[in-house]
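Just below is one structure, and these are the notes that go with it.
The values are calculated or read from the model by the stated rules, or taken from the named source; none is laboratory data. Treat the numbers as computed from the prediction; the structure is a model and nothing was measured. Glycine gets a Cβ as well: all are built from the backbone with ideal geometry, and neighbour counts include every protein chain shown.
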Amino acid sequence: MASVARFVTLVKVAAWSVFLLVFPPIAFANGMYAATVLLSVLGLLLDLTAFESLLPESTPLKVRRGVVVSLALLHVSLLALSVVRLVSPRYGAWQRIAGTEDWNNPALVRAEHGPLLAVGGGDIFSLGKDGAFVPVPGIDIPVHVLGAGAHRAWFVDVEGQFAWGYDGASLEKIPLGWGAETRVPDGAALDDALFVAHPRALVRVERSGHQSKVIDDVSITGVATDGDRVVAVGERVFVSEDGGTRFQDRGPLELPAPSVFAGGGSYYVVQGGFMSSRLFVSEADGRLEEREVPMRDIRSHPINHPVGPSAPTSHFVGSI
């Protein structure tokens, strides 16, 4: 019985040793510094207390100590580097905007010729010339950012009842009437129309309030705009060059729940995941060409018309 118990103990120690040798570097490489701290501390404790039991009894004492010291140095190094990353300033020259401390998951949107707008704390705010956000009057219920055209940004309330368009001077309201049971998904917008990916359809809503299914009976998981171009992705890729009135079917897309971003004359299809992602870029002939991703976990994050003529036209966020 004693030998069986010892064998079970060795198996457990070996499993923990492999786990704590492999996963701390993976966590650090993916920017999970708090997890790296925890795993490195556990690894260091295992190195100093139980790892020697895995080595054959015939192993020389110097070799035993060398192996233990090497593993301990690995875990100490990862621990120190992670602590430095956690306590180091991550904002550089960025300055916190007063009044935004209590905002939960704020969203930013900007039309090309409009002010920078933010949704935070259940209200819409406009960034003034003095560097402070001021509330946009006329909206008294929580809203989602839908997107922006050249002059106007669009918002939809969380219950799917109304849409608002704001150009920095005037606010217009469009009735939707989708009902509280309708989950309002992400969408995209032009100045005179907004697009919402409903289940099995892409809905176009004009400023007059008229709604039409421009794509029907097809799963749509992402939609983006760039000038008059509208791109919708899901089971297939659809592209419109006339402001979303008519769409051309560009073929199937064998990706789970893809998202899309359009800008600079191209569109980018992204399938993001925790440990791996895929990125496709449209070519001049309409083909999608897969490109190497700059990081393991990327998610498309459209930044509507970035400031400045030299600003990049495609943006992605994720974990390196």
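State all residues of the range 268-278 that are outside any loop (DSSP other than H, G, I, E, B) and over 23 Å from residue 146 (Cα atoms); if no residue qualifies, say none. 278, the sole residue that qualifies. Looking at the range 79-95, can you tell me whether even one residue there is within 23 Å of residue 152 (Cβ to Cβ) and not in a loop (DSSP other than H, G, I, E, B)? No, the range 79-95 contains no residue that is within 23 Å of residue 152 (Cβ to Cβ) and not in a loop (DSSP other than H, G, I, E, B). Residue pairs whose Cβ atoms lie under 6 Å apart, separated by 6 or more positions or on different chains, with the first residue in the range 169-191 and among the polar types (S, T, N, Q) and the second at pLDDT 70 or above, are 182/160. Contact annotation: residue pairs with Cβ atoms under 7 Å, 6 or more positions apart or on different chains, pairing a residue in the range 17-31 that is farther than 11 Å from residue 46 by Cβ with a partner that is surrounded by fewer than 16 Cβ atoms within 10 Å (Cβ to Cβ) and of a type in the set (S, T, N, Q), are 30/319; 31/319. Identify, please: which residue in the range 48-58 is at pLDDT below 80 and closer than 15 Å to residue 14 by Cβ and is, among those, surrounded by the fewest Cβ atoms within 10 Å (Cβ to Cβ)? Restricting to residues being at pLDDT below 80 and closer than 15 Å to residue 14 by Cβ, the top hit is 56. Any residue at all in the range 194-212 that's closer than 17 Å to residue 265 by Cα and charged (D, E, K, R)? Within the range 194-212 (the criterion being closer than 17 Å to residue 265 by Cα and charged (D, E, K, R)), the answer is no, since none of the residues qualifies. Residue count for the range 231-267, restricted to those that are part of a strand (DSSP E or B) and more than 14 Å from the chain's Cα centre (by Cα): 18. In the range 101-145, the residue that is farthest from residue 166 (Cα to Cα) out of those that are under 24 Å from the mean Cα position of the chain (by Cα) and small (Gly, Ala, Ser) is 121.
Cβ separations smaller than 6 Å between residues 6+ apart or across chains give the following pairs from the range 106-133 residues that are under 19 Å from residue 186 (Cα atoms) to residues that are of a type in the set (Phe, Trp, Tyr) and not in a loop (DSSP other than H, G, I, E, B): 118/125; 118/133. Scanning the range 219-230 for residues that are closer than 20 Å to residue 253 by Cα and in a loop (DSSP other than H, G, I, E, B) yields one hit, 219.
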